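Taking it in order: structure first as structure tokens, then the write-up.
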Amino acid sequence: MARETSTKKIDLSLEIGGVDFANPVMVASGTFGYGKEYAELVDLNRIGAVISKTLTVVPRDGHPPLRTFETPSGMLNAIGLHNVGVDNFIDEKMKFLRTKKTKVIANIAGSTIEEYVQVAEKLNSAEGLHMLEINISSPNVKKGCMEFGSRADLTFECVKAVKEVSRFPVMPKLSPNVTDIVEIALACQEAGAECISLINTLVGMAIDWKKKKPVLSNITGGLSGPAIKPVALAMVWKVYQKVKVPLVGVGGIMNTQDALEFFMAGASAIQVGTVNYVDPQASVKVVDGLKKYCQENKISSIKELIGIAHQGQNRPNGSIVNNSQT
Amino acid sequence: MVYQTPAKVTENIRLGEEGFKLILSAPQIAKTALAGHFVHIQVNPFFHPLLRRAFSIHDVDSKKGTLEVVFKVIGIGTEQLSYKKKGEIVNLLGPLGKIFTYPKNEDVSIMIAGGLGIVPVYFLARDLLRKKHKGKICFLYGAKGKEELYCMPDVKKLKAQKVETLYSTDDGSYGFEGYLDALLEQVLKKEDKSKVKIYACGPEGLLAKLSHLAKEENLFCQLSLEVGMPCGMGTCMGCVVKYKPECNTPVTFKRVCYDGPVFNAQEVILD
């Protein structure tokens with residue numbers, strides 16, 4: 001009985017931008033389709049949020065094959081934003097998603113800021129949607145995305161433009177392929193973003209030495225998977241020291257231990273991505289694992305862990321972090 | 001229904017220098033799998049290799065609850081699988097993908113099995129025989145050389161069940177000397193093409209030739225395509241093939257794992 005009582009007390013819920021998430025575990029954009037694909041294998045009601053594949057104004061066919069390639073502890077992808085388009089998402093995909101308890105986040109992109117605005121405006125009519133994730137970080141398209149996310153002024157402009165037209169809170173997703181990610185994060189905060197997710201994939205490539213040419217049709221792709229976890233963690237750590245809005249950590253999280261590291265570095269929530277391909281139930285396993293960790297360590301809320309690894313550390317400006325930022 | 005399930009290795013049979021047949025206990029998948037379906041295997045729980053490996057199902061024994069996959073060691077995933085001993089566990093997702101369109105009794109089925117491409121078409125022949133299919137089946141099995149005809153004992157079993165079996169090897173070490181498409185041409189000469197249904201799997205070059213042939217001669221031909229698949233369930237959009245169902249439609253991309261792996265040969269573009 002005592003054990004049951006302690007389980008009940010554990011609170012994984014969190015609120016970001018007025019949205020109440022049942023738990024801080026989300027499935028990353030592009031790794032979970034539009035939710036329905038995995039519904040036979042995973043109880044979507046148990047995931048904090050499902051983030052859609054990136055949506056654009058009109059459907060896109062993406063890049064020719066080959067689009068993906070496995071590398072040591074990671075994989076490269078250059079899909080090229082292959083998606084059903086925002087209208088189909090609202091009319092078809094949302095029908096299924098809004099029957100579930102999970103919160104729904106639409107990931108959006110465009111070749112121009114006007115296109116981001118158009119997608120955001122259309123999504124205002126989506127019943128059952130809770131938040132927008134702004135893709136300013138995909139490295140696989142010629143125009144838009146990382147083009148905006150690699151410059152603080154364009155990031156500000158893009159986030160502000162979406163913010164102005166959208167009825168939803170926004171979460172820009174940052175690229176690691178920048179000189180100073182803190183500068184980009186600050187631009188997001190200034191533009192009014194309710195939270196920030198980081199990181200998207202790292203630019204990489206592979207060469208087919210037998211054919212003497214690049215493996216991917218797009219030449220370069222985005223590296224994801226456990227190989228990038230240390231990079232993602234360091235970026236969450238750095239951004240947390242300077243930015244006040246909640247952070248959503250993403251990059252190579254495979255299990256509960258990985259997720260805990262991100263909370264301790266300063267993330268308020270996390271996204272699991274590539275691991276969904278290998279174990280579609282990875283997200284709910286992390287939810288269960290976090291509960292178990294809290295129970296075993298007598299922690300009533302996961303919020304107690306956010307940024308805890310910063311305590312006692314010297315900040316770059318010489319001050320010492322005393323309190324966790326929640 | 002797709003299942004995610006641990007599966008015990010019941011047997012790991014060496015088929016030659018680098019060929020293996022793994023028999024796995026997975027009753028739910030064995031009961032529901034049809035020809036063309038594949039399983040996505042997580043070789044170990046340590047994410048090394050990171051991704052699952054896709055294997056067409058070679059055969060099932062629904063009473064024993066087992067299924068067979070056949071593979072050649074080509075990388076880290078298949079190498080680790082080749083070491084699996086009886087009683088070890090792998091994790092399966094399956095059955096996945098779209099299946100072959102089974103022929104009718106009045107059809108003449110020609111199965112074309114290039115190397116390890118034998119796997120899905122062998123399952124089709126086996127399943128048809130189990131279902132007391134009465135139509136003619138002609139089974140063409142080819143490889144580089146005799147030693148790579150890993151599944152010859154299985155094909156001999158088909159012959160015992162009145163399936164016409166023909167072999168080809170690139171080096172002429174067994175059966176017809178040359179490629180399978182040349183052997184197919186000979187077989188087609190004897191058949192009424194309007195009744196012929198071709199089912200094929202094998203190397204890219206062979207499938208590209210068959211796709212051209214199907215378009216030129218308006219043949220019924222289904223191909224099971226093989227490509228690296230990160231998710232296997234249609235979510236990652238990573239395993240696409242060029243798709244053009246009509247002359248006047250633009251080229252789009254279809255997911256091999258979800259819209260296939262079986263495609264109408266006239267509707268795909270294989271370079």
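The values are calculated or read from the model by the stated rules, or taken from the named source; none is laboratory data. Since the structure is predicted, the reported quantities are computational estimates derived from the model, not experimental observations. Counting neighbours? That spans all protein chains shown, and the Cβs are built from the backbone with ideal geometry, glycine included.
Can you report the number of residues in region A:101-124 which are closer than 26 Å to A:D43 by Cα and more than 14 Å from every other protein chain (Cβ to nearest Cβ)?
If we filter region A:101-124 for residues that are closer than 26 Å to A:D43 by Cα, which is where we start, we get A:101-108, A:123.
From what's left, more than 14 Å from every other protein chain (Cβ to nearest Cβ): A:101-106, A:108, A:123.
Number satisfying all stated conditions: 8.
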Taking region B:94-116 on its own, how many of its residues are outside any strand (DSSP E or B) and closer than 25 Å to B:G228 by Cα? 6
Apart from one, (1) buried (at least 18 other Cβ atoms within 10 Å of the Cβ); (2) assigned to a helix (DSSP H, G or I) all hold for B:S168; the odd one out is (2)
Please list, ordered by residue number, the helices (runs of 4 or more DSSP H) wholly in region A:205-300 having 3 or more residues that are farther than 29 Å from B:A54 by Cα and in contact with a Gly (Cβ under 6 Å, 6 or more places away or on another chain). A:229-242
Hey, can you tell me all the residues within region B:256-271 that are within 12 Å of chain A (Cβ to nearest Cβ) and of a type in the set (A, V, I, L, M, F, W, C)? B:V256, B:C257, B:V268, B:I269, B:L270
Restricted to region A:7-16, and to residues that are at pLDDT 95 or above and surrounded by fewer than 16 Cβ atoms within 10 Å (Cβ to Cβ), which residue is nearest to the other protein chains (Cβ to nearest Cβ)? A:S13
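Kindly indicate whether B:N91 is within 14 Å of chain A (Cβ to nearest Cβ) and at pLDDT 95 or above. Talk me through it step by step, then tell me what you get.
Numbers: within 14 Å of chain A (Cβ to nearest Cβ): yes; at pLDDT 95 or above: yes.
So B:N91 passes the test.
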Flagged in region B:89-128 as out of contact with any helix residue (DSSP H, G or I) (no Cβ under 6 Å at 6 or more places or on another chain), of a type outside the set (A, V, I, L, M) and surrounded by fewer than 21 Cβ atoms within 10 Å (Cβ to Cβ), in numbering order, are B:N91, B:K98, B:T101, B:Y102, B:K104, B:N105, B:E106, B:R126, B:D127
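Tell me the residue from A:A259, A:A267, A:A309, A:A282 that is over 30 Å from B:G94 (Cβ atoms), modelled with pLDDT of 95 or more and under 16 Å from the mean Cα position of the chain (by Cα), please. Full working, then the answer.
Values: A:A259 fails: over 30 Å from B:G94 (Cβ atoms); A:A309 fails: under 16 Å from the mean Cα position of the chain (by Cα); A:A282 fails: over 30 Å from B:G94 (Cβ atoms).
Among A:A259, A:A267, A:A309, A:A282, only A:A267 is over 30 Å from B:G94 (Cβ atoms), modelled with pLDDT of 95 or more and under 16 Å from the mean Cα position of the chain (by Cα).
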Any idea which of (1) assigned to a helix (DSSP H, G or I); (2) touching a Leu at 6+ places or on another chain (Cβ under 7 Å) is the one B:Y174 doesn't satisfy? (1)
For region A:87-100, state whether one or more residues are more than 14 Å from chain B (Cβ to nearest Cβ), buried (at least 20 other Cβ atoms within 10 Å of the Cβ) and in contact with a Cys (Cβ under 7 Å, 6 or more places away or on another chain). no
Of the residues that make up region B:200-212, is at least one within 30 Å of B:E246 (Cβ to Cβ) and of a type in the set (S, T, N, Q)? yes
